[in-house]
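A short write-up of the structure that comes next.
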Amino acid sequence: MLSVNDALARLLAAALPAGASETIALGLADARIAARDYTASVNVPALDNSAMDGYALALADGAPLPASFPVVQRIAAGQLGTALPAGCAARIFTGAPIPPGATLVVMQEDCELLDTTLQLKPDVQPKPGQHIRRKGEDIAHGATLLQRGDALNPAHIALLAASGIGDVEVYRPLKVTLLSTGDELAEPGDPLPAGGVYNSNRPMLIAMLRALGCAVRDGGKVPDQRAATEAALQAAAADSDVVISTGGVSVGEEDHVKAALSALGTLDLWKVAIKPGKPLAFGRIGNADFIGLPGNPVSAFVTLQVLVRPFLLKRMGASGLATSGWPVRADFNWPRPDSRQEYLRVALDANGLQLVGQQGSAMISGLAGAHGLVEVTPGQIIQPGDMVRFLPFQSR
Ligand code: AMP
Ligand code: MG
């Protein structure tokens, strides 16, 4: 059996970036992968501007603070003021450009206005430059906004938008077809036949794959028969970059995925020393990659998260795939070492990480309350206070 690290290395070696790109509106770019570098061709802010609603003052360097200031202009956001003579004030609003000659801004709470004459409240000692946001202090002209291979998140989208970029060149999403094997599977929403099991993997995996930026297509349910499995795999592979199936990949008589894959294409990897999730198949059918995930929902979730996610991201052109995660204090006991690398479902609180729910590979309820996984290396036991590797969910 392959170790998790070896399996991951093999998957990444086989993950060839598809390369094709497209230009899309920025508002649609969440989770997509940048296909080129972006640098700022403007300064943000574009001009020195006020950080407060208040008054811009023109104070001569080192001169004593005047007792009062005539208010000679009013500048709202979006307007340009005119030069402010020394000893004068301009009414100014947050985001409005600082007029030439103004040296600082006092907030309106620190001021008293008598008609058109401004006085500072007692003890208010304004400092030169205060409450002025400087031109380019957030994003300087020429600064790097995004590098090729970055997965865009909402903050990246704001960064590009603030810099005046309205659309973005990203790699095309991978076309992923999802197949659900299992005669027992019933559709959520339908009545459950005796002996039936609702298909929970399909909507879970569709959600996970969409969050990764894949274009997911449901390839439907596949009966537990060899011929039907081959036909479904073949049809899905003809029109997909990647085909992902769940279930039927173990060694029972009802498991046909491995044999179908070997007959249609190549089986390059099977069985990984991971818990939950040992049965996992990887290979190719025609021009498509094929990944057979285990049927148990927690196994499908964990193997997708740990092994398949980096593979898909690399296929979509993402860089910086070093496995995420950081050391966090465990607040639980895990006394049972295993020969496989284990992934426990945990929640994070002020004391550290807690195990949530039951840890069995079919226990969806524990998964639903978890904030992430703890990686337990083969043979490792855990005691409260140990620092363990925490892999939070939702990290692209
Ligand atoms: P298998 O690997 O096909 O033997 O499936 C292992 C277990 O996972 C069995 O209990 C199946 O009923 C269950 N299972 C398989 N596919 C799904 C699915 N799509 N949704 C929920 N449970 C599933
Ligand atoms: Mg099955």
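Please tell me if D241 is crowded, with 18+ Cβ neighbours inside 10 Å and away from ligand 1 (no atom under 11 Å from the Cβ).
yes
Assess whether H156 counts as being under 16 Å from the mean Cα position of the chain (by Cα), under 30 Å from G320 (Cα atoms) and open to solvent by 40 Å² or more (accessible area, probe 1.4 Å).
Against the criterion (under 16 Å from the mean Cα position of the chain (by Cα), under 30 Å from G320 (Cα atoms) and open to solvent by 40 Å² or more (accessible area, probe 1.4 Å)), H156 qualifies.
For region 251-280, give me each residue that is among the charged types (D, E, K, R), within 14 Å of A300 (Cβ to Cβ) and more than 15 Å from ligand 2 (Cβ to nearest atom). Explain how you work it out, then say what you get.
As a first pass, look at region 251-280 and keep what is among the charged types (D, E, K, R): 253-255, 258, 268, 271, 275, 278.
Of the ones still in play, those that are also within 14 Å of A300 (Cβ to Cβ) are 275, 278.
Across region 251-280, the qualifying residue is only K275.
How many residues does region 348-388 contain that are surrounded by 15 or more Cβ atoms within 10 Å (Cβ to Cβ), of a type outside the set (V, I, T) and assigned to a strand (DSSP E or B)?
Here the count works out to 8.
Can we say S245 is farther than 23 Å from R32 by Cα and either assigned to a strand (DSSP E or B) or not assigned by TED's automatic domain parsing to the domain that holds D150 (or both)?
Yes: the conditions hold for S245.
What pairs come out if I take residues in region 10-22 that are assigned to a loop (DSSP other than H, G, I, E, B) and pair them with residues that are open to solvent by 50 Å² or more (accessible area, probe 1.4 Å) whose C-beta lies under 8 Å away, six or more apart or interchain?
A15/K314; P17/K314; A18/R172; A20/R172
Condition test on E253, is it at pLDDT below 95 and out of contact with any helix residue (DSSP H, G or I) (no Cβ under 9 Å at 6 or more places or on another chain)?
Yes.
Kindly list, by first and then second residue, each pair from a residue in region 202-229 that is within 21 Å of L313 (Cα to Cα) and open to solvent by 30 Å² or more (accessible area, probe 1.4 Å) to a residue that is within 12 Å of ligand 1 (Cβ to nearest atom) and among the basic types (K, R), limited to pairs with Cβ atoms under 7 Å and residues at least 6 apart or on different chains.
Short answer, once both residue conditions are applied: D218/R202.
Take region 182-201 and flag every residue that is within 29 Å of the chain's Cα centre (by Cα) and within 6 Å of ligand 1 (Cβ to nearest atom).
Passing the criteria: N199, S200, N201.
Would you pick out the residues in region 266-280 that are more than 11 Å from ligand 1 (Cβ to nearest atom) and open to solvent by less than 30 Å² (accessible area, probe 1.4 Å)?
Hits for region 266-280 are L269, V272, A273, I274.
Can you name the residue in region 185-201 that is assigned to a loop (DSSP other than H, G, I, E, B) and among the aliphatic types (A, V, I, L, M) and is also surrounded by the most Cβ atoms within 10 Å (Cβ to Cβ) among such residues?
Of the residues in region 185-201, the ones assigned to a loop (DSSP other than H, G, I, E, B) are 187-196, 199-200.
Adding the requirement that they be among the aliphatic types (A, V, I, L, M) leaves 192, 194.
Working: L192: 11, A194: 4.
Filtering region 185-201 for residues that are assigned to a loop (DSSP other than H, G, I, E, B) and among the aliphatic types (A, V, I, L, M), the one surrounded by the most Cβ atoms within 10 Å (Cβ to Cβ) comes out as L192.
E137: open to solvent by 90 Å² or more (accessible area, probe 1.4 Å) and assigned to a strand (DSSP E or B), yes or no?
Numbers: open to solvent by 90 Å² or more (accessible area, probe 1.4 Å): yes; assigned to a strand (DSSP E or B): no.
Answer is no for this residue.
Sort through G248, G286 and tell me the only one that's in contact with a Ser or Thr (Cβ under 8 Å, 6 or more places away or on another chain) and either open to solvent by 40 Å² or more (accessible area, probe 1.4 Å) or within 13 Å of ligand 2 (Cβ to nearest atom) (or both).
Exactly one of G248, G286 is in contact with a Ser or Thr (Cβ under 8 Å, 6 or more places away or on another chain) and either open to solvent by 40 Å² or more (accessible area, probe 1.4 Å) or within 13 Å of ligand 2 (Cβ to nearest atom) (or both), namely G248.
Is it true that A232 is in contact with a Leu (Cβ under 7 Å, 6 or more places away or on another chain), within 16 Å of ligand 2 (Cβ to nearest atom) and not in a loop (DSSP other than H, G, I, E, B)? Spell out the reasoning first.
Details: in contact with a Leu (Cβ under 7 Å, 6 or more places away or on another chain): yes; within 16 Å of ligand 2 (Cβ to nearest atom): yes; not in a loop (DSSP other than H, G, I, E, B): yes.
Considered against the rule, which asks whether it is in contact with a Leu (Cβ under 7 Å, 6 or more places away or on another chain), within 16 Å of ligand 2 (Cβ to nearest atom) and not in a loop (DSSP other than H, G, I, E, B), A232 comes out as yes.
Every residue, every condition in (1) more than 18 Å from the chain's Cα centre (by Cα); (2) modelled with pLDDT of 95 or more; (3) within 16 Å of ligand 1 (Cβ to nearest atom); (4) not hydrophobic (A, V, I, L, M, F, W, C), yes or no:
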position: G292; (1), (2), (3), (4): yes, yes, yes, yes
position: S299; (1), (2), (3), (4): yes, yes, yes, yes
position: L321; (1), (2), (3), (4): no, no, no, no
position: Q341; (1), (2), (3), (4): yes, yes, no, yes
position: G352; (1), (2), (3), (4): yes, yes, no, yes
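Determine which single condition M208 fails, assuming it passes every other condition in (1) modelled with pLDDT of 95 or more; (2) within 16 Å of ligand 2 (Cβ to nearest atom); (3) within 16 Å of N296 (Cβ to Cβ).
For M208, the failing item is (2).
So F301 clears everything in (1) in the same structural domain as D241 (by TED's automatic domain parsing); (2) open to solvent by 40 Å² or more (accessible area, probe 1.4 Å) except one condition, right? Which one?
(2)
The values are calculated or read from the model by the stated rules, or taken from the named source; none is laboratory data. For clarity, every value in this text was computed on a predicted model and none was experimentally measured. Cβ atoms come from the backbone with ideal geometry, glycine included; neighbour counts cover every protein chain shown. Each accessible area value is taken on the protein alone, full model and side chains, heavy atoms only, with ligands, DNA and RNA left out. Shrake-Rupley method; radii C 1.70, N 1.55, O 1.52, S 1.80 Å.
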